[in-house]
1. What share of Cα pairs, in percent, lie more than 26 angstrom apart in region 380-503?
2. Going by amide H atoms built from the backbone, whose H comes under 5 Å of the H on ARG106, apart from near neighbours?
3. Give me the percent relative contact order of region 469-537, please, defined on Cα pairs under 8 angstrom at least 6 residues apart.
4. If you average the alpha carbon positions of region 544-576 and of region 111-134, how far apart do those two centres end up, in angstrom?
5. Calculate the length of the line joining the C-alpha centroid of region 215-253 to that of region 333-385, in whole Å.
6. Report the label-to-label distance for ARG280 and ASN267 in nanometres (one decimal), using points 7 Å from each Cα along the Cα→Cβ vector.
7. Taking each pair of distinct Cα atoms in region 313-415 once, what is the resulting Kirkwood hydrodynamic radius in Å?
8. Let me have the relative contact order for the chain, percent, based on Cα pairs under 8 Å that are six or more residues apart.
Amino acid sequence: MQMRFAPVLRNPRLFPLRRYPIALGPARCWATVFAAAALLGFASLPAWTQQAADLTQTSLEDLMNLRVTSVSKKEQKTSQTAGAVFVISRDDIARSGALNIPDLLRMVPGVEVAQLNGSVWAISVRGFNGQESNKLLVLVDGRTVYSPIFAGVFWDTQNVPLDTIDRIEVIRGPGAAVWGANAVNGVINIITRSAEKTQGGYVTTGGGSNGAKPEMIRYGGKVASLGAYRLYAEDFQTTAQRALDGGNGHDDWRLVHGGFRTDTAINAKNSLTTEGEAYRGNGGELAYTPVSLSPPANAVPALRDRYSGWNLLARWSSIQSLRSETSLQVYFDRTTRGDTTYALGLNTFDADFEHHFGWAPRQDIVWGLGYRATSDHTTPTLRISFAPANRDLQLFSFFGQDEITLVPDHLFVSLGTRLEHNTYTGFGFEPTARLVWNPQSTKMFWAAVSGADRTPARSDRDIRVNYQAAPGPGLSILVSDFGNPKQKNERLTAFEGGYRDTWSDKFSTDAAVFFNRYRDLVSVEPGPIRLESSPEPEHLLMPLTFANGFYGETHGVELFANWKPAGFWTLSPGYSFLALHMHRFAGSQDITNGPGTEGSVPQHQSALRSSLDLPGHWQWSASAYFVDRLHAVGVPSYTRLDSGATWQAGERCAISMVGQNLLRSSHQEFSGPDSSVLPGRVRRAAYAKFSLSF
């Protein structure tokens, strides 16, 4: 749950603003990263012959030509994609040792991943990180999981079984012309495997020092009239992390979920995919909240966030000819969540139609129509309430994109736009223009200019958050944040460019630069103190109201490479730099939100991943990540080292052993005003996993 805490009466113990020295500068961080790689550099070891799908046996030219669909809603090679795209493949997932999607995203340059407590993450692309990160759009098989109530993603419910994921496409930069509002700084599209590719049985079980107990069973088969299907069920749980003071963080996490998918070939030209999921879970958290107005009192209770939901999706695809295909996707999603300080339920219905066709010899067009309706209900509490308590919202959209071949195989231009109408702010226009130049088959340059909007959520317009009670002159004082019924869209104009090159069969690089200009960013403006009688008893209210009082800009660079020193060894270094600057419009009185936003993202991040195939059917992988300090919220820099080994005991059996955060017993990764829970410390952990196919 996202709440933007106000800038006054801030508890310095809970929200420290002191500046920490850099614990590990850029030069030392790279030394650490490469030293970790050197420990893994057993170049004299012979290679073990892997399956053709393995990363170490795939040529770098093939890696640069992976097929992606998230940039333009049509299949493209990465070497011909005018965008900063990173693909986390099945092999990357298998070798990572990760237990969840947030840990997988750490490998992507330009993505900020920070764990707040046992089940809550702050994940963003190119800045503006926060508990839900309202400028990042996340999809699972084309179904958006962005919350229209709190403007972000609840990662504790997005625990897609990793073995069912085909790939994760991460677009750094705006994708609003294709995906719509809120795809401002990036898009993460989690694409699962077809049922045809998950036939037979599969079970996993394991355990570890942090209480991680991933247990999953999956079975796939075929029915004559239905086609291929898969069923799965998973139970996942972890124990509590440490609080900042070293005590119990009360943030243990458990999620039980199951689902299905079917892929039916109706005939040679038509196919139908259906999938669904149901889940129930809970996660502990510590949160600062008022508990009484008479006398005024605040506390940090151990709360239990409980959530449940289900969703159904159907996607029909039809091929009219070699140059024309259509699809229609419809889904319904139901979710509920809450603790003793808030409660909500949300229903979402969404329908999208798309048509992809070739027009004239050198034009490739994609266009589509969309409709979304949401209906929510909330329960007011002393801490959080909405006015009105229940609301229905609608969204209508149209998008079109035309890719024009100027010089066959060498020069392409893409022009597109999306037109949307939402209940809050009416019509929005989000255009893009992209250029690709391929001077050679292994080299490409790209450039783009795009516009994107972040539309207001319920938490921007309708919310009230009472977050601190204090004694006053004769009456108690209640400090509260209020939504603004006139809140406008946050707007972005983005300029991007990049270069990809496969220098040889052993080395490839990918680079991107960007400059983003933002307008009408959210600010928190103080209002006059007034007398208030509800909630009882009578008290003085110190209101702070959301507004659009900031503008700003970001610029940065993102670098990534693949290097194969030997046929059995792959190294993948990455680096990103980000600078974020916030400025107040004339008349704004917000003096803390700008510096807090600037200092809540790391300027420098670097990573080095190493993957080895060893004798005796062993694989060994390691990943080292350096994250710069968050100077505005007092979080020092840290280097994280994860390492894991997998033994393929036979054709159908594998055993994995993984260590995470190996360099220290625990460390803090995030804090900030855009958090509704108190941060904790991420502990060192080790676990083992056993998997069996049958």
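The values are calculated or read from the model by the stated rules, or taken from the named source; none is laboratory data. Note that the structure is predicted; figures quoted are calculated from it, not measured. Neighbour counts run over all protein chains shown; Cβ positions are idealised from the backbone, glycine included. The area values use the complete protein model at the heavy-atom level, side chains included, leaving out ligands, DNA and RNA. Shrake-Rupley method; radii C 1.70, N 1.55, O 1.52, S 1.80 Å.
1. Value for region 380-503 (Cα pairs over 26 Å): 51 percent.
2. Those lying under 5 Å, H to H, from ARG106: there are none.
3. Value for region 469-537: 25 percent.
4. Spelled out, the Cα-based centre of one part sits 14 Å from the other.
5. After rounding, the separation between the Cα centres reads 24 Å.
6. Result for the modelled spin labels: 4.4 nm.
7. About 17.0 Å for region 313-415.
8. With pairs under 8 Å counted, the relative contact order is 16 percent.
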